[in-house]
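Take a look at the structure set out below.
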Amino acid sequence: MPSHDAPADAASAADAGSSSGAGSVANAASAAAASATTLADARLLLGVASGHPPDALDQLYHSYAGRIYGLGLRLLGDRQLAEELVQETFVRLWRSAGAFDPQRGTVAAFVLTMARRISVDLWRRPSSRPFDPEPADTVAPGDHVESVVTAVVVNAAMATLSREHREVLELSYRGDLKQADIAAILGIPLGTVKTRSYYALRALKLALQERGVSG
């Protein structure tokens, strides 16, 4: 005996096929748009190297400056440093545009990898992130002297650490960054950040104890 549900089943199958087809078309359109953008960006970056079109760098700046600034805020935690990151990235991009190879990656990867490396340089620059204790809102004269002495001792103890250990502490405590962000800015695995943080804190504690500071 024929099933009365057959027409409904057929309709459901048709609807599912239609929905699947629409999704496939949407995905294909999205992929095509992304591919077109990637190709256009590659032509612009190659244009920066050749000088044609003259506004190639300006067009790339319009496309990527906001993303680089956002990356700077997330990784560096400072607006001034984020702005400096944008400026320095495009200066280096202008100088090294000829090194871009479209066969090895996208413009986005090329630009953001460059920005991440520059962000590391900015963090390593002594004037960018001094490791000083946060000042109290109100400090009595005697407390001020003690805080200055403590700052000197902490800085001296920090100086005894390896560069790798000092970096993770500065980024974590002074920069107020999460370990995942530290891993991103330094370009190392999250597990490495956790290990360095553990040994850095232990080394700092020992260095402070040698200087008469316990905690």
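The values are calculated or read from the model by the stated rules, or taken from the named source; none is laboratory data. Source: prediction; values computed, not measured. All Cβ positions, glycine included, derive from the backbone under ideal geometry; neighbour counts span all protein chains shown.
Suppose the filter is modelled with pLDDT under 80, closer than 30 Å to F100 by Cβ and assigned to a helix (DSSP H, G or I); does L171 pass it? Step through it out loud before you land on a result.
Values: modelled with pLDDT under 80: yes; closer than 30 Å to F100 by Cβ: yes; assigned to a helix (DSSP H, G or I): yes.
Spelling it out, L171 is indeed modelled with pLDDT under 80, closer than 30 Å to F100 by Cβ and assigned to a helix (DSSP H, G or I).
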Note on region 47-56: residues surrounded by fewer than 18 Cβ atoms within 10 Å (Cβ to Cβ), touching a helix residue (DSSP H, G or I) at 6+ places or on another chain (Cβ under 7 Å) and part of a helix (DSSP H, G or I) are A49
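Of everything in region 147-168 that's polar (S, T, N, Q) and modelled with pLDDT of 75 or more, which residue is surrounded by the fewest Cβ atoms within 10 Å (Cβ to Cβ)?
Pass one, region 147-168, residues polar (S, T, N, Q): 147, 150, 155, 160, 162.
With modelled with pLDDT of 75 or more added as a condition, the list becomes 155, 160, 162.
Details: N155: 13, T160: 15, S162: 11.
That would be S162.
Hey, any hits in region 121-133 for a residue that's in a helix (DSSP H, G or I), of a type in the set (A, V, I, L, M, F, W, C) and at pLDDT 80 or above? Explain how you work it out, then say what you get.
From region 121-133, those in a helix (DSSP H, G or I) are 121-124; that's our starting set.
After this cut, where a residue has to be of a type in the set (A, V, I, L, M, F, W, C) as well, the list is 122-123.
With at pLDDT 80 or above added as a condition, the list becomes 122-123.
Yes: one or more hits.
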